[in-house]
Amino acid sequence: MIDCNLEDNNCIEKLKEALNEFDEIIKELPKDNILYNQSEILKAISDPLRLKILYLLKNGELCACHIDCALDKPQSTISHHLNILKRSNLLNWRKEGKWTYFSLSNPKLIEQIENMTKTQKGEISLENNSICCESEEIIGGKKEKEKEEGCGCGCGSFVRPDQSKIDNPQNPKKEIENDTLKKLEKKSKKFGIKSIGYAKIPENILNENHDLQYSNAIVITSPIGMDIIDEIPGEKAQELNNKLYEKFGNISYELSDYLRSVGFATQVAHPEGELIDLSRLGQVAGLGDIGKNGLLITPELGPRLKVSAILTSIKNLPILKKNNHKWIKNYCEVCGKCIKGCPENALIENDNNLTKADIIDEKCIGCSQGCTYCIESCPFFEKGYDWVKEKINKMKIE
Ligand code: SF4
Ligand code: SF4
């Protein structure tokens, strides 16, 4: 411990000595990306239902349907939580016919969780923190395979460790030149990004337990392919959706790496990640507005899109002051087709706010089965942004 007794004449010398030792401790701190991965794994296990799933698997492999039955929860809820554990590389899985079997990727996981949380006073203790943080050690080489399945929609509940290849610079730059920003926009277009916007992130769109490192964001959108839209909800739709998330996530990391390579610090808010409400961030960036179905609607893609963001140390982004798409809500007020189009009754009209439906997460199968019916039923998808705009203008005149 550093003794800071200012009365002591030797104080400065002692302090210097102690700081030298402290310097060594600082040098031994793990890198930011390792700490980030550790915190993401801890978040994945910090849910009683997910802990119950891990305990059920303590004695060996189980089929998903047995887990559903044992916990007496809807299949979509269990599937959602299994996906979170899979994404954090805590579970192995395999398919046999139409059944999926799960097991712990680290057989000692439960023992390690118990050790980590065991104290005499019942407090959480990190003393015996033996949970492995390097995902490779936990997953036993299954990473690539596990990435192929998971959540189908943008419900934003997944833990996503940073997969940027380049480390953040020690002293990141804060001002970006126009040319560099143009290069970034050009690169984005090459990757198939449909729109790009800039925003200061408001506190009220951050998800719980967020770990926000920068408050400015570059927001990008990518189309949901027609192959996904045309597929009926189920395993295949979910698989296609997951591949899109993977691809879009990788594009986000590539753009983040580009910014890091030219001296800026970044943090990727993965399109499937839990950091921020990305649809609302797209709205704040002026890319579009939120429809009654809770999705971001843009001129380029209607609601047929995924959103991702690169948070950055850049302070002089060209942030728009005005959102030109606020009229979208006026149309939603009289439309409501997404509510009728939802096969699960997961969207409910909100009598106090006709521009925004209540979304019943437990009923929604967007997450677990790649459902896109609330996109397909939306006139912004069917007829396009300009058609709807013309329609609402005519309605105003009449
Ligand atoms: S249509 Fe209903 S169930 Fe399907 S993704 Fe939309 S809200 Fe969820
Ligand atoms: S279907 Fe209608 S109400 Fe729903 S988001 Fe689209 S325009 Fe709005």
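See the values below:
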quantity	calculated
Principal axis box of region 178-312, alpha-carbon based, largest edge first, Å	44, 32, 27
Sparsely packed trypsin sites (Lys or Arg not before Pro) within region 333-394, loop by DSSP, other Cβ within 10 Å at most 14	LYS383
Per-pair calculated FRET efficiency, R0 = 35 Å: LEU29 and GLN163 via Cβ, rounded to 0.05	0.95
Label-to-label distance, nm, for residues given as GLU333 and LYS118 (7 Å Cα→Cβ offset)	6.2
Ascending count of other beta-carbon atoms within 10 Å, so fewest first, for ILE359, ILE232, ILE78, ILE392	ILE232, ILE392, ILE359, ILE78
Additional length obtainable on full extension of the chain from LYS236 to ASN20, 0.36 nm per residue less Cα span	72.0 nm
Positive minus negative residues near LYS58 (Lys, Arg vs Asp, Glu; Cβ under 15 Å)	0
Extension gain, GLU185 back to SER46 (0.36 nm per residue minus Cα-Cα distance, nm)	46.2 nm
Residue order, fewest to most surrounding Cβ atoms within 10 angstrom, among MET226, MET116	MET226, MET116
Whole-Hz couplings from phi, Karplus 6.51/-1.76/1.60, listed for region 291-305; x for Gly and Pro	x, 4, 7, x, 9, 6, 10, 10, x, 6, 10, x, x, 8, 8
Length released on extending from CYS69 to ASN352, taking residue separation times 0.36 nm less the Cα-Cα span	98.2 nm
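None of the figures in this text is laboratory data; all of them are computed from the coordinates on show. Computed from a prediction, not measured in an experiment: that's the story for all the values here. Note that each Cβ is placed from the backbone with ideal geometry, even for glycine, and that neighbours are counted across all protein chains shown.
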